[in-house]
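Some notes on the structure that comes next.
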Amino acid sequence: MQQRSLGKTNTTVSAIGLGCMGMSEFYGPRDDEQSLLTLKTALDLGVDFFDTADMYGAGHNEELIGGFLRGRRDKVKLATKFGIVRKPGVYERTIDNSPAYVEKAAEASLRRLGIETIDLYYCHRRNPETPIEDMVGAMARLVEAGKVRAIGLSEVSPATLRAANAVHPIAAVQSEYSLWSREPEQEMLETCRELGVTFVAYSPLGRGFLTGTIAKTEDLAEDDFRRHNPRFQDEALAHNQRLTEGLAVFAKERNATPAQVALAWLLSKHNHVVPIPGAKRPQRLPENVAAVDIALDAEAVAKLDKLFDVGTVVGERYPQAGMVGIEKTA
């Protein structure tokens, strides 16, 4: 597995990571046995960068990964997050970035994970009511105490990144980025490159849509949050499917799958981007990992850029409640 640098730290991570959120909620029923097999398969394939958060499954996701880490801690680079406060089973959320909460949340995550140090600790969402200096200062104290190795931010603006980096080096920014979510290209990706920050792309397969396997929303599980996602609704879904048809043709011409091309596009276009596709079952992992061996030249990247040109995708990224705390990228 190829490795990529994590910010300006001495740490490297696999060029493709693993998003673990769906193992606990949002994408249908959870199956811990399958999830543990998925984690093991990923590690066996060279994927050593696992991504979780305290709010995924109200702590379940961290506990699941914590169990897997026993006896394997030195083989995994683990990222988790704080800041989104939810009640179990409720999608609506509040955001807490206060220094007291940062410390409290980190201690709770360490306990659930059963580890002494978090490799990468993100602010999951930003609450402007807490000065950035106060929040990042609290995160920096966790680094000084040896409880966190590096810190990151999620779904922030370039201005917030610059302000945070002036307080303490930021190793990574995580935001949604894929062929059908290209907002980071407006300014954030270049800001990360300038500051030496790794950009971690979540939902790099468009919440599974770019795989070309989702024909209609009704086929999704009753508790799958995509049933309420604007991009998966009626006319938006039909419009967006036409884009994936073009992606399928492009992939077939290269003896690849649409998912592999979507990941290869990210890896070929930016050497400081690490996509973290999610998976609940191990079957998809070899396909995703093989994307690191697909090199797309500038002409191929440009062709995909045009196919998914900004403005061609219909629908917002999240329902209204999910947009809380997401800062504009430019």
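The values are calculated or read from the model by the stated rules, or taken from the named source; none is laboratory data. Given the structure is predicted, the values throughout are model-derived calculations rather than measurements. Cβ: placed from backbone, ideal geometry, glycine included. Neighbour counts: every protein chain shown.
Listed values, structure above:
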| read-out | value |
| --- | --- |
| Only listed residue being crowded, with 18+ Cβ neighbours inside 10 Å, of a type in the set (Gly, Ala, Ser) and in contact with a Ser or Thr (Cβ under 8 Å, 6 or more places away or on another chain), chosen from Gly22, Gly57, Gly17 | Gly57 |
| Ala291 in a helix (DSSP H, G or I), free of Cβ contacts under 8 Å to residues at least 40 places away in the same chain and of a type in the set (A, V, I, L, M) | no |
| Search result, residues across region 174-208 that are closer than 19 Å to Arg162 by Cβ, of a type in the set (A, V, I, L, M) and not in a strand (DSSP E or B) | Met188, Leu189, Leu195, Val197 |
| Test: residue in region 183-201 that is basic (Lys, Arg) and crowded, with 18+ Cβ neighbours inside 10 Å | no |
| Residue match in region 82-97 (condition: under 16 Å from Ser154 (Cα atoms) and touching a Ser or Thr at 6+ places or on another chain (Cβ under 6 Å)) | yes |
| Conditions (1) over 14 Å from Gly114 (Cα atoms); (2) at pLDDT 95 or above; (3) outside any helix (DSSP H, G or I); number of the one not met by Arg30 | (2) |
| Residue tally, condition part of a helix (DSSP H, G or I), more than 19 Å from Ile115 (Cα to Cα) and either of a type in the set (Asp, Glu) or more than 22 Å from the chain's Cα centre (by Cα) (or both), over region 140-161 | 0 |
| Single residue of region 114-129 satisfying the filter (surrounded by fewer than 20 Cβ atoms within 10 Å (Cβ to Cβ) and touching a helix residue (DSSP H, G or I) at 6+ places or on another chain (Cβ under 9 Å)) that is nearest to Ala58 (Cα to Cα) | Gly114 |
| Among the candidates Ala105, Ala79, residue that is part of a strand (DSSP E or B) and of a type outside the set (Val, Ile, Thr) | Ala79 |
| Subset of region 208-231 that is under 20 Å from Glu183 (Cα atoms) and in contact with an Asp or Glu (Cβ under 9 Å, 6 or more places away or on another chain) - its residue that is surrounded by the fewest Cβ atoms within 10 Å (Cβ to Cβ) | Pro230 |
| Scope region 8-24; condition part of a loop (DSSP other than H, G, I, E, B) and touching a residue at least 60 places away in the same chain (Cβ under 8 Å); matching residues | Lys8, Thr9, Thr11, Ala15, Ile16, Gly17, Cys20 |
| Residue among Leu243, Leu266 that alone is modelled with pLDDT of 95 or more and part of a helix (DSSP H, G or I) | Leu266 |
| The listed residue being farther than 30 Å from Leu37 by Cα, surrounded by 15 or more Cβ atoms within 10 Å (Cβ to Cβ) and either at pLDDT 95 or above or basic (Lys, Arg) (or both), out of Ala300, Ala236 | Ala300 |
| Qualifying residue in region 122-139 (condition: free of Cβ contacts under 8 Å to residues at least 12 places away in the same chain, under 27 Å from Lys280 (Cα atoms) and either part of a helix (DSSP H, G or I) or under 20 Å from the mean Cα position of the chain (by Cα) (or both)) | no |
| Flag if Lys87 is in contact with a His (Cβ under 6 Å, 6 or more places away or on another chain) and either part of a loop (DSSP other than H, G, I, E, B) or surrounded by 15 or more Cβ atoms within 10 Å (Cβ to Cβ) (or both) | no |
| Residues that are modelled with pLDDT of 75 or more and outside any loop (DSSP other than H, G, I, E, B), drawn from region 303-330 | Lys303, Leu304, Asp305, Lys306, Leu307 |
| Odd one out for Asp234 among (1) touching a strand residue (DSSP E or B) at 6+ places or on another chain (Cβ under 7 Å); (2) farther than 23 Å from Pro29 by Cβ | (1) |
| Residue within region 106-113 that is at pLDDT below 95, of a type in the set (D, E, K, R) and loosely packed, with under 14 Cβ neighbours inside 10 Å present | no |
| Criterion (in contact with a His (Cβ under 9 Å, 6 or more places away or on another chain) and closer than 30 Å to Leu6 by Cβ) met by exactly one of Arg254, Arg193, Arg207 | Arg193 |
